[in-house]
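See below for the structure under consideration.
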Amino acid sequence: MSDRLGQVYELLMRGLCNKEIARHVGLAEGSVKYHLSRIYLRMGVTTRAAAITKHFRGQHECVSEVDVGNTASQGEARNGAAREFPGA
């Protein structure tokens, strides 16, 4: 998982709206929506509310980006840059 995706995930869990997330990480709002769709897919949910609920109820599995395989670049994997992220 990219650092940017992790940032979007963390801000989502803090309750920020798309516009606030975009401003905070320096992305266009459309890019935030794209990242959110990837997060929802990995979590096995289709809405923001379901993602937040699943996160806070602890109903997700945490996997490192190295375990996910192609979501981490080879450089990140070599450097051990693994972040926990809920996966489906």
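Here are the numbers:
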read-out	value
MET43 touching a Ser or Thr at 6+ places or on another chain (Cβ under 7 Å) and either basic (Lys, Arg) or modelled with pLDDT under 95 (or both)	no
Residue in segment 23-62 that is surrounded by the most Cβ atoms within 10 Å (Cβ to Cβ), counting only those that are of a type in the set (Gly, Ala, Ser) and over 13 Å from the mean Cα position of the chain (by Cα)	ALA50
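The values are calculated or read from the model by the stated rules, or taken from the named source; none is laboratory data. Everything numeric in this text was worked out from a predicted model, so none of it was measured. Glycine gets a Cβ as well: all are built from the backbone with ideal geometry, and neighbour counts include every protein chain shown.
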